[in-house]
Amino acid sequence: MSKNKIVTCIDAGSEYCPCYLAESDECITCSQLQGNSFCDCNWSGVCIYQEYAWCGMKKKTPREAIESEIIERKQIGDDVLVLRIGVSKTLARQLKQPGSYVFLRHPEKPMIFDVPMSIMAADAEKGEIAIAIHILGVKTKSLLACDDKILLKGPYWNGLIGYKDLKNVTNQNVLVIGRGIALAPAILAIQYLLHNKNKVTFIIDQGRTGSAFINESIAALEIDRHYLNLRSTGGLEKLNQILAEGTYSLVYSGGSDFLHEVIKDRLSRLGRPVKMVAINNHELCCGEGVCGSCTARTLNGQRVKMCKSQIDIEEMIEGGNCNG
């Protein structure tokens with residue numbers, strides 16, 4: 001990535017663009033809304049500056065938390081809670097995109113309890129979404145106390161880095177790797193890939209959560225499945241074998257940053273180009289690029305807001321994990 005390269009904003013052209021960043025000369029895409037006096041963007045959609053002018057030099061209406069109905073809750077083991085939540089059909093449709101997430105909160109808790117959660121499934125006809133929650137800390141524990149109502153804010157879309165490559169692959173062999181709670185967002189990616197007539201191989205590592213929570217969701221999918229422990233020598237050897245024999249054009253990494261690094265290292269040894277996409281593990285607090293908690297540096301020191309920015313996968317893995 002060159003020093004002056006403009007990264008892509010996942011919200012560009014959406015109903016939430018221009019956002020708060022435009023009002024403070026911090027727009028990710030528009031050079032004029034970065035304080036420059038000239039147009040020098042890589043955006044090919046409706047002009048963001050023109051949209052800003054049409055809005056009276058103000059941001060569009062931001063996302064707001066809405067009280068939503070919990071249709072079903074299912075506890076799996078000690079640490080995984082799966083919620084089926086009623087939403088508008090429009091929101092469910094918006095959340096079918098791979099990498100989609102929302103912020104959840106107990107209705108009686110303040111905003112500091114907002115916690116980002118990836119979408120596991122979205123049904124636009126019924127107006128429902130499904131979310132798998134790994135119960136770990138104060139915020140996720142508070143969600144256990146939600147009986148029939150929950151506060152939900154969305155849609156957000158930057159849970160996946162390299163979305164453009166995933167979107168453009170068709171009629172190819174694709175390897176999807178998921179570990180632990182990151183198995184949940186992999187389902188949307190698999191459905192998208194199958195819709196584009198790709199052949200999908202799914203490596204499932206239950207991690208600390210157990211894999212039972214996704215079995216029902218993937219039962220009807222026409223995919224090849226492998227259950228491996230990617231923290232074991234045998235599991236990594238099997239991964240190497242699958243990569244070597246699969247002639248994959250794209251590999252999806254769903255897990256920790258350490259898993260991303262392991263997969264990238266093995267892809268570099270194949271001797272042929274293979275594109276890679278990976279889930280975004282950066283801290284997401286406000287989702288609007290305002291609070292700065294997700295700010296990271298690329299290899300050349302460029303600061304990017306990872307709640308909105310799409311960057312090269314190499315930048316995220318090698319340079320983007322250093323916050324601040």
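What number of residues within the range 86-95 satisfy the criterion of being closer than 21 Å to Ser14 by Cβ and open to solvent by less than 50 Å² (accessible area, probe 1.4 Å)?
Total satisfying the criteria: 5.
Out of all the residues in the range 196-220, which are aromatic (Phe, Trp, Tyr) and assigned to a strand (DSSP E or B)?
Within the range 196-220, just Phe202 meets the criteria.
So that you can scan it fast, the table gives a plain yes or no per residue for (1) surrounded by fewer than 17 Cβ atoms within 10 Å (Cβ to Cβ); (2) among the polar types (S, T, N, Q):
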site: Thr247; (1), (2): yes, yes
site: Cys291; (1), (2): yes, no
site: Gly301; (1), (2): yes, no
site: Glu315; (1), (2): no, no
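Out of all the residues in the range 229-245, which are over 24 Å from the mean Cα position of the chain (by Cα), open to solvent by 10 Å² or more (accessible area, probe 1.4 Å) and in contact (Cβ under 8 Å) with a residue 24 or more places away in the chain?
Leu236, Asn240, Ile242, Ala244
For the range 267-289, how many residues are in contact (Cβ under 8 Å) with a residue 60 or more places away in the chain, open to solvent by 50 Å² or more (accessible area, probe 1.4 Å) and part of a loop (DSSP other than H, G, I, E, B)?
1
Condition first: in a loop (DSSP other than H, G, I, E, B), hydrophobic (A, V, I, L, M, F, W, C), touching a Gly at 6+ places or on another chain (Cβ under 8 Å) and open to solvent by less than 50 Å² (accessible area, probe 1.4 Å). Now tell me which residues in the range 20-57 satisfy that.
Of everything in the range 20-57, just one residue is in a loop (DSSP other than H, G, I, E, B), hydrophobic (A, V, I, L, M, F, W, C), touching a Gly at 6+ places or on another chain (Cβ under 8 Å) and open to solvent by less than 50 Å² (accessible area, probe 1.4 Å), namely Ile28.
Only one of these conditions is not met by His226: (1) under 13 Å from Gly178 (Cβ atoms); (2) open to solvent by 50 Å² or more (accessible area, probe 1.4 Å); (3) in a helix (DSSP H, G or I); (4) not aliphatic (A, V, I, L, M). Which number is it?
Looking at each condition in turn, His226 falls short on (3).
Within the range 196-217, restricting attention to residues that are modelled with pLDDT of 95 or more and open to solvent by less than 60 Å² (accessible area, probe 1.4 Å), which residue is farthest from Asn173 (Cα to Cα)?
Top of the filtered list is Asp205.
Is the range 252-261 home to any residue that is over 18 Å from the mean Cα position of the chain (by Cα) and either surrounded by 13 or more Cβ atoms within 10 Å (Cβ to Cβ) or assigned to a helix (DSSP H, G or I) (or both)?
no
Search the range 58-85 for residues being closer than 29 Å to Glu26 by Cα and among the basic types (Lys, Arg), and hand back the single one that is most open to solvent (accessible area, probe 1.4 Å).
Lys58
What are the residues in the range 39-72 that are farther than 24 Å from Val290 by Cα and without any contact (Cβ under 8 Å) to a residue 40 or more places away in the chain, if any?
Selection gives Ser44, Glu72.
I'd like to check something: does the range 3-10 contain any residue that is among the basic types (Lys, Arg) and more than 30 Å from Thr140 (Cα to Cα)?
Yes, because at least one residue in the range 3-10 is among the basic types (Lys, Arg) and more than 30 Å from Thr140 (Cα to Cα).
Among (1) modelled with pLDDT under 95; (2) of a type outside the set (Lys, Arg); (3) closer than 16 Å to Ile187 by Cβ, where does Glu245 come up short?
(3)
The values are calculated or read from the model by the stated rules, or taken from the named source; none is laboratory data. Small disclaimer: the values here were computed from a predicted structure and weren't measured. Glycine also receives a Cβ, built like all others from the backbone with ideal geometry; neighbour counts cover every protein chain displayed. Just the protein is used for accessible areas: all its heavy atoms, side chains included, with ligands, DNA and RNA removed. Shrake-Rupley method; radii C 1.70, N 1.55, O 1.52, S 1.80 Å.
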